[in-house]
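Take a look at the structure set out below.
The values are calculated or read from the model by the stated rules, or taken from the named source; none is laboratory data. Bear in mind the structure is a predicted one, so any value in this text is a computation, not a measurement. Here Cβ is always computed from backbone atoms with ideal geometry, including for glycine, and neighbour counts include all displayed protein chains.
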Amino acid sequence: MRHLCLVLLLATGASSAQAITSIADFSCTEWSARRASGRDVHPPQMWLSGFMTALATALRVDVLAITDAEAVFAWMDDYCSEHPDAQLSEGGQRLFNELLGRLPRSRPYLSRR
């Protein structure tokens, strides 16, 4: 039941991502330019890593246990290619929802408060 509530919460929150202030967020345009050139890619990658970890920690759902950094970055490459005007925070929320849907229905991925 808690898993379903989280999915519903995140699904409704994804549509209002623009209403949430995100500090030091990167645009998809900047993400794609940095990734294509190979120069100075660490700041946006670290920002995204921290954002995803913060979501997992705040919601107490270990979605990052079923992926790794390279897969997250590759997913964001695809997202930014399709949504060049988006922010990484928007893509991060969508990726979090996608990973949440892939989680096994077992308890180890849900933390107790």
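Which of the residues belonging to the range 7-45 are modelled with pLDDT of 85 or more, within 22 Å of residue 97 (Cβ to Cβ) and outside any loop (DSSP other than H, G, I, E, B)?
Correct list: 27, 28, 31, 32, 44, 45.
Does residue 75 satisfy the criteria of being of a type in the set (Phe, Trp, Tyr), modelled with pLDDT of 95 or more and surrounded by fewer than 19 Cβ atoms within 10 Å (Cβ to Cβ)?
So residue 75 fits the description; yes.
Going by the conditions given, is residue 33 free of Cβ contacts under 8 Å to residues at least 40 places away in the same chain and in contact with a Phe, Trp or Tyr (Cβ under 9 Å, 6 or more places away or on another chain)?
So residue 33 fails the test.
For the range 27-63, which positions are aromatic (Phe, Trp, Tyr) and over 13 Å from the mean Cα position of the chain (by Cα)?
31
When residue 51 is evaluated against the numbered criteria (1) closer than 14 Å to residue 77 by Cα; (2) out of contact with any His (no Cβ under 8 Å at 6 or more places or on another chain); (3) at pLDDT 95 or above, which criterion, by number, is the only one it fails?
Among (1) closer than 14 Å to residue 77 by Cα; (2) out of contact with any His (no Cβ under 8 Å at 6 or more places or on another chain); (3) at pLDDT 95 or above, residue 51 violates only (1).
Across the range 31-90, what is the total count of residues that are closer than 27 Å to residue 104 by Cα and basic (Lys, Arg)?
1
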